[in-house]
Amino acid sequence: MKKLVTSVDAEFGSRAEVMQSSGGIIPARIAAEEPVRTLLSGPAGGVIGAYQMAKLAGFDKIIGFDMGGTSTDVSLVDTRLGGPQLSTDSNVSGVPIGIPMLDIHTAGAGGSSLARFDSGGLLHVGPESAGSMPGPICFDRGDQPTVTDANLILGRLDPPAFSAVRFRLTASGPCA
């Protein structure tokens, strides 16, 4: 990993940096040596971005909502308290993590999480995911219903809002 980091540094003329779960950044060399620091770096980046936008818009308190393909993460931020709060008492998949992390909670499944009924008729969502390939049925990509398909059928997505992207939302197939 050190050779890759060195070549990235040389190519771009500066050091490569990686987002940490705490919302800060560290050199890629340290991230490679201590990857635990990056466990929730993606959601942390969303919280930091939401915090900055809230400050610019003049909001004191916000709820961050980050729905990805496999999970939905939420955070509460009070800009009057100095921004996102850190915790050193976090769990990831039931494993306690004792490093500083932004206070983020996984609240549910993401947009590509698969929905199915068991033999008793009980609905299950996730943890299996359609991913981006094939993806949700409403993107004309998949063949198994996802959270995104349910949101389209329930009227929570506006198909014309997707007209600028390379696919259109359709309520067809097995989830129509």
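The values are calculated or read from the model by the stated rules, or taken from the named source; none is laboratory data. Nothing here was measured: the structure is a model prediction, and the numbers come from that model. Methodologically, a virtual Cβ is constructed for each residue, glycine included, from the backbone with ideal geometry; neighbour enumeration extends over all protein chains shown. Ligands, DNA and RNA are excluded from the accessible area calculation, which covers all protein heavy atoms including side chains. Shrake-Rupley method; radii C 1.70, N 1.55, O 1.52, S 1.80 Å.
Summary table
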item: Search result, residues across the stretch 112-123 that are in a strand (DSSP E or B) and buried (at least 16 other Cβ atoms within 10 Å of the Cβ); result: Ser113, Leu114, Ala115
item: Residues of the stretch 109-129 classified as touching a residue at least 40 places away in the same chain (Cβ under 8 Å) and on the phi < 0 side of the Ramachandran plot, total; result: 6
item: Within the stretch 140-162, tally of residues that are small (Gly, Ala, Ser) and assigned to a helix (DSSP H, G or I); result: 2
item: Selection count where residues are open to solvent by less than 90 Å² (accessible area, probe 1.4 Å) and in contact (Cβ under 8 Å) with a residue 24 or more places away in the chain, scope the stretch 77-89; result: 4
item: Members of the stretch 25-61 found to be surrounded by fewer than 14 Cβ atoms within 10 Å (Cβ to Cβ), out of contact with any helix residue (DSSP H, G or I) (no Cβ under 8 Å at 6 or more places or on another chain) and either under 18 Å from Ile97 (Cα atoms) or not hydrophobic (A, V, I, L, M, F, W, C) (or both), listed by number; result: Glu33, Glu34, Pro35, Val36, Gly49, Gln52, Gly58
item: Every pair of residues 6+ apart whose Cβ atoms lie under 6 Å, when the first sits in the stretch 133-162 and is among the hydroxyl-bearing types (Ser, Thr, Tyr) while the second is surrounded by 15 or more Cβ atoms within 10 Å (Cβ to Cβ) and in a loop (DSSP other than H, G, I, E, B); result: Thr146/Ser112; Thr146/Ala130; Thr146/Pro136; Thr148/Gly111; Thr148/Pro136
item: Residue that is least open to solvent (accessible area, probe 1.4 Å), among those in the stretch 155-176 that are under 16 Å from Ser112 (Cα atoms) and modelled with pLDDT of 80 or more; result: Leu157
item: Evaluation of Gly126 against (1) of a type outside the set (Asp, Glu); (2) in contact with a Ser or Thr (Cβ under 9 Å, 6 or more places away or on another chain); (3) within 28 Å of Thr38 (Cα to Cα); (4) surrounded by fewer than 17 Cβ atoms within 10 Å (Cβ to Cβ) (one fails), failing number; result: (4)
item: Failed item, numbered, when Gly94 is tested on (1) within 30 Å of Leu114 (Cβ to Cβ); (2) touching a residue at least 24 places away in the same chain (Cβ under 8 Å); result: (2)
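The rows are residues; the columns are (1) within 21 Å of Ile153 (Cβ to Cβ); (2) modelled with pLDDT of 90 or more; (3) open to solvent by 60 Å² or more (accessible area, probe 1.4 Å).
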site	(1), (2), (3)
Ser75	no, yes, no
Met101	no, yes, no
Gly108	yes, no, no
Ser132	yes, no, yes
